[in-house]
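The structure under discussion appears below in the form of structure tokens.
The values are calculated or read from the model by the stated rules, or taken from the named source; none is laboratory data. Computed from a predicted structure; not experimentally measured. Here Cβ is always computed from backbone atoms with ideal geometry, including for glycine, and neighbour counts include all displayed protein chains.
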Amino acid sequence: MDGWKIRVSLGTGFLFHLTGAEGTIIAVSPPFATVQDAVAGIEAVRENAATGQITIHPGTKPLLGREF
């Protein structure tokens, strides 16, 4: 099942995973102190991902012969 999943992180609080349609983990958050903080983190990622700019850092090499 895809979507956002909040999990308990042993000794550090809570973190979230963003998973794809086949259950592949796409992103993992840093730990948050509370569930509410983790939810706020998800909301921030949603907002920023929609408008964020893609930057390719200098020295990044193409994968599988693809050019950037």
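Would you mind stating whether K5 is assigned to a strand (DSSP E or B) and without any contact (Cβ under 8 Å) to a residue 24 or more places away in the chain? I'd like the intermediate steps shown before the answer.
Working: assigned to a strand (DSSP E or B): yes; without any contact (Cβ under 8 Å) to a residue 24 or more places away in the chain: yes.
Taking the combined requirement at face value, the residue satisfies it.
Residue by residue, here is whether (1) modelled with pLDDT under 95; (2) surrounded by 13 or more Cβ atoms within 10 Å (Cβ to Cβ); (3) among the small types (G, A, S) holds:
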site	(1), (2), (3)
D2	yes, no, no
F14	no, yes, no
G23	yes, no, yes
A38	no, yes, yes
I42	no, yes, no
E47	yes, no, no
T51	yes, no, no
T55	yes, no, no
